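Asker: First the structure, which I've put down as structure tokens, then a few questions once you've had a look.
The values are calculated or read from the model by the stated rules, or taken from the named source; none is laboratory data. On a predicted model such as this, the values are computed, not experimentally measured, just so you know. Cβ placement follows ideal geometry from the backbone for every residue including glycine, while neighbour counts extend to all protein chains displayed.
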Amino acid sequence: MMMSFGLREENRALLQRVSDMIRDEIMPLEDEYQAEINKGDRWQYTARQAEILEGLKAQAKAAGLWNFWLTDSSKGFGLTTVEYAYLAEEMGKTPLGAEIFNCSAPDTGNMEVFERYGTKKMKEQWLAPLLDGQIRSAYLMTEPDVASSDATNVAMSCVRDGDDYVLNGEKWWSSGAGDPRCKVYIVMVKTGGDEQPKHKRQSMIVVPADAPGIEILRPMQVYGHDDAPHGHMHIRFTDVRVPAENILLGEGRGFEIAQGRLGPGRIHHCMRAIGQAESALEQMCKRSMQREAFGKKLAQLGANFDIIAECRMEIEMARLLCLKAAWYMDQGDARAAAPWISQIKVVAPRVALKVIDEAVQMFGGQGVSQDTPLATAWTHVRTLRLADGPDAVHRRQVARAELKKHTQEKV
């Protein structure tokens, strides 16, 4: 079958519109938005922050630039995953990009879960306002006391009690749970005992963020940054009761749902990481042509020509691998796509980190300061090497798929 990594003609203009809005409307407001975070309560939006955010979202929605992530869906633009990759890359060039077009993690993954597996009531209560950009959500999987890279270790207790389930335990790195607009969690819990097959012991359940017994213990910091007001929170559940109808698909279906959710989420992160790499390379090139040392432009000093060339080539290779993984996803065979998603999940953050780091070096001391977006971008992308599965887990999956070609034994 012939692979196609291009955009259909009608969607090229769409990509240009998104790119233009990012360059002309969103990027000019980045610095002002970020400056507002340190005014007053870091976990509440200032009036100016809200004005910037909601104003840009309203502008995008009015222009019909909304919910692109609904690939292969009549509710969205009917984009393929390959086509969405180009738009996600553009959105990755600015920290505000994804939310302005209602394409933010973890909301996109959660919306997919509600769309695929939610009840009519869930869709009315949670999916509709998420699709409209009125609320935010969080996905709670990782736990502090177990190696959550092996999700069979997830141990949060979820016990049936009459018409309710009762939850006890802790979650951390709950991205987005610090946002005051976060109204709902999708939580991976343990419902089955050791007598159940290993991948039938976990379930997913929908929990209102304001349910009694939920306590936000602290925001987790990434290299000293708390990512307010979005946040990655450490949360304790103490006898939290939710209706039994809130369990998704029934007990023991957690892994089934997780695979449907995490595959698209992983590749969306990679698409945006490539956008961050492109942004860093652009900053690096501009700096190298504007700054002088020892009587020459920085571009003409040391190995900077080679560094810039290597960054360009590695970005191009990463983009092609991302598009290939996206193409496999579009074929509808999740098992066939999985090794390709794992490959790009390792490669995209690695490449983006290298490019951002080289850009930091080109800027010298300014590069690690608050005067450029590079330091924040580096911490974000470094976290991506752990989010949705650390590199080692994905390399293991790639190796298993490769070795399987050469043996009949289980590897």
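Asker: For the stretch 91-104, enumerate the residues that are buried (at least 24 other Cβ atoms within 10 Å of the Cβ) and in a helix (DSSP H, G or I).
Answerer: Met91, Gly97, Ile100
Asker: Yes or no: the stretch 120-130 includes at least one residue that is in a loop (DSSP other than H, G, I, E, B) and under 18 Å from the mean Cα position of the chain (by Cα).
Answerer: no
Asker: Please state which of the following conditions Asp371 fails to meet, knowing it meets all the rest: (1) in a helix (DSSP H, G or I); (2) under 30 Å from Ala35 (Cβ atoms); (3) modelled with pLDDT under 95.
Answerer: Answer for Asp371: the failing condition is (1).
Asker: Checking the structure you have, find out if any residue of the stretch 320-329 is in contact with an Asp or Glu (Cβ under 8 Å, 6 or more places away or on another chain), in a helix (DSSP H, G or I) and in contact (Cβ under 8 Å) with a residue 12 or more places away in the chain.
Answerer: No: zero hits.
Asker: In the stretch 279-297, which residues are among the basic types (Lys, Arg) and within 18 Å of Leu374 (Cα to Cα)?
Answerer: Lys286, Arg287, Arg291
Asker: Here is a follow-up. So which of Arg12, Arg23 is assigned to a helix (DSSP H, G or I), without any contact (Cβ under 8 Å) to a residue 12 or more places away in the chain and within 22 Å of Gly78 (Cα to Cα)?
Answerer: From the options Arg12, Arg23, the qualifying one is Arg12.
Asker: Looking for whichever is aliphatic (A, V, I, L, M) and more than 21 Å from Gly275 (Cβ to Cβ) here; the options are Ala359, Ala392. Which one fits?
Answerer: One residue alone meets the criteria, Ala392.
Asker: Something else about it: Since Val146 meets every condition but one in (1) touching a helix residue (DSSP H, G or I) at 6+ places or on another chain (Cβ under 7 Å); (2) surrounded by 17 or more Cβ atoms within 10 Å (Cβ to Cβ); (3) assigned to a loop (DSSP other than H, G, I, E, B), which condition does it not meet?
Answerer: Of the numbered conditions (1) touching a helix residue (DSSP H, G or I) at 6+ places or on another chain (Cβ under 7 Å); (2) surrounded by 17 or more Cβ atoms within 10 Å (Cβ to Cβ); (3) assigned to a loop (DSSP other than H, G, I, E, B), the odd one out for Val146 is (2).
Asker: Out of curiosity, is Thr379 surrounded by 13 or more Cβ atoms within 10 Å (Cβ to Cβ) and in contact with a strand residue (DSSP E or B) (Cβ under 9 Å, 6 or more places away or on another chain)?
Answerer: Yes, satisfied.
Asker: Identify, from the list Leu79, Leu130, the residue that is closer than 30 Å to Ser157 by Cα, touching a Ser or Thr at 6+ places or on another chain (Cβ under 7 Å), of a type outside the set (Asp, Glu) and not assigned by TED's automatic domain parsing to the domain that holds Gly260.
Answerer: Going through Leu79, Leu130 in turn, the sole match is Leu130.
Asker: Suppose we keep only residues that are touching a Ser or Thr at 6+ places or on another chain (Cβ under 7 Å) and in contact (Cβ under 8 Å) with a residue 40 or more places away in the chain within the stretch 26-40. Which one would you say is farthest from Glu90 (Cα to Cα)?
Answerer: My answer is Glu30.
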